[in-house]
Structure formats: structure tokens, C-alpha cells
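**Q** Provided herewith is a single structure, encoded as C-alpha cells, for subsequent inquiry.
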Amino acid sequence: QVQLVDTGGGLGQAGGSLRLSCAASGRTFSIYVMGWFRQAPGKEREFVAAISGSSPNTYYADSVKGRFTISRDGAKNTVYLQMNSLKPEDTAVYYCAAAATVARITSLALDAWGQGTLVTVSS
């Protein structure tokens, strides 16, 4: 089992940038597809981005494509979400997540997730 701790949220301005980090513990980090999802107040959870393990491929929700970039550092067991060109509608609690397959992480059938970090984007 992998344990996840996500950090880096805060207040950003529209058009600005923030970077989220997710530190994973556990020897099985490399076998998981890692990703991020978010939940805005009063809304359902929404898949944001994912990255596979080996020869990493990346996957994005249409709402963030071209603005957000996911990456992973295997040596540090860390996953990042670089968020550029922020919009007020990006305001949400962001959660790091892990799953066995891309299909499972994009459908939010998760094996583990972090405690969440709040991102607030002002207009």
C-alpha cells in the first residue's frame, strides 16, 4: 500500500501559477499510476491529471489541458502538478491519488489518496 501526503496549495491569482507536490511512501510507488483529482464546494469529485509509471504517459481532463502539467520523480517518490494560467473555476481541494491502472484513476476508482490541499484562485 502507498501512503500519500499532498502539499503546495494556497491562494493564487487568475492567470498565475501554483505547484502542488505529493510525497509517496511505500516501496510500491513505481507500480502505481499517480494522479490528481479535485473537489470544488458543492460539486462532485473531478479527475484532473494522471501519469503512468514506466515511460510515463500523461493524461488530462479537458478543463486543464494545456494549462496543467503532471510529472513524477521516481528517485524522490514525488508527483507534481504544475498549474499555470489559473482560473477562478480551478478553486477546489486538490487530492493526490494512486491507482493500479489509468482507467481506474480516471474513473476515480482509487487505491489511495492524500489528505487534500486547498487551492483558491481569485479573479
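The values are calculated or read from the model by the stated rules, or taken from the named source; none is laboratory data. Not measured: the values here are computed from a predicted model. Counting neighbours? That spans all protein chains shown, and the Cβs are built from the backbone with ideal geometry, glycine included. Only protein heavy atoms, including side chains, enter the accessible area calculation; ligands, DNA and RNA are left aside. Shrake-Rupley method; radii C 1.70, N 1.55, O 1.52, S 1.80 Å.
**Q** Give the cross-link partners of Lys76 among the lysines, using a straight C-alpha distance below 26 Å as the criterion and excluding same-chain residues fewer than 8 apart.
**A** Lys76 reaches Lys65.
**Q** Taking a probe of 1.4 Å, how large is the accessible area per residue of segment 1-115, in Å²?
**A** Numbers: 5730 Å² over 115 residues.
Using a 1.4 Å probe on heavy atoms only, each residue of segment 1-115 averages 50 Å².
**Q** Moving on. Please get the size of the charge dipole for the chain, origin at its Cα centre, with Cβ charges of +1 on Lys and Arg and -1 on Asp and Glu, quoted in debye to the nearest 20. It would help to have the intermediate numbers written out before the result.
**A** Values: 11 positive and 8 negative charges, 32 e Å.
My answer is approximately 160 debye.
**Q** Among 85-97, 33-45, how do they line up by average Cβ neighbours within 10 Å per residue, starting with the highest?
**A** Descending mean neighbour count gives 85-97, 33-45.
**Q** Rounded to the nearest percent, how much of the accessible area of segment 1-73 (1.4 Å probe, protein heavy atoms only) is carbon and sulfur?
**A** In segment 1-73, the share of accessible area belonging to carbon and sulfur is 48 percent.
**Q** From the C-alpha coordinates alone, can you work out the Kirkwood hydrodynamic radius of segment 1-97, in Å? Before the final figure, lay out each step's value.
**A** Values: mean 1/r = 0.0734 Å⁻¹.
Kirkwood radius, segment 1-97: 13.6 Å.
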